[in-house]
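Structure first, commentary second.
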Amino acid sequence: MDDKVCLICKDDLVLPHKLPCNHIFCYICIKRHLTFRNFCPFCYKFPFHTTDLEKLDSNVVNTTLPNIKIPLFKHMNEVLLKKELKKYMLNQDGGYQQMLWRMKEFHLIYSAEKMKTKSLSLTGIARVVSKNEKIFFHKKNDHNCPQFLEKQNRSIQKLKDIIKNSKNSHTRESNL
């Protein structure tokens with residue numbers, strides 16, 4: 001058995017992690033496995049959880065990570081998104097928004113794990129992950145949009161009406 005090959009994907013180890021039974025896997029592979037199952041996929045010993053994973057030293061195993069080109073999510077149709085998910089062996093079920101979220105999460109986790117292998121401080125890693133989150137999950141500021149303002153004005157008017165009605169009913173009750 002080659003120590004530099006993941007027992008799940010049968011490819012070079014990427015961010016190697018070891019279970020207490022001493023079997024070594026890629027971080028993403030074993031984390032995905034342990035999310036749904038609680039046993040070692042090689043020897044079937046159990047119970048194991050993601051908290052049982054032990055990160056291996058870069059001296060022990062080659063931890064070179066392939067460079068993943070982050071796709072432009074906003075221009076990706078459903079077919080391309082499914083192709084990207086399949087490429088990284090991620091679940092392709094659900095609607096477009098669920099798959100898009102899954103892909104963004106994968107890239108955030110992957111980039112954070114990749115940075116751990118570099119000599120970045122935890123604060124530096126947090127800054128980069130935060131920056132990536134802003135890039136991936138940034139929502140357009142719709143506060144100046146006419147539809148938003150109209151909806152907001154309707155909501156405010158509805159609240160005013162509710163308050164007015166409750167005051168009127170309270171006044172009628174006190175007059176009785």
TODO: Kindly check whether there is at least one residue in region 36-58 that is loosely packed, with under 14 Cβ neighbours inside 10 Å, modelled with pLDDT under 75 and assigned to a loop (DSSP other than H, G, I, E, B).
DONE: yes
TODO: Kindly indicate whether L65 is surrounded by 13 or more Cβ atoms within 10 Å (Cβ to Cβ), of a type in the set (A, V, I, L, M), at pLDDT below 80 and over 16 Å from I109 (Cα atoms).
DONE: no
Task: Of the criteria (1) farther than 27 Å from K131 by Cα; (2) modelled with pLDDT under 70; (3) of a type outside the set (K, R); (4) not in a loop (DSSP other than H, G, I, E, B), which one A112 fails - done: (1)
Open item on the list: Suppose the filter is modelled with pLDDT of 75 or more, closer than 22 Å to E105 by Cα and touching a helix residue (DSSP H, G or I) at 6+ places or on another chain (Cβ under 8 Å); does C26 pass it?
Closed with: no
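The values are calculated or read from the model by the stated rules, or taken from the named source; none is laboratory data. None of the values given here were measured: they were computed from a predicted structure. Using ideal geometry, Cβ is built from the backbone for each residue, glycine included, and neighbour counts are taken over all protein chains shown.
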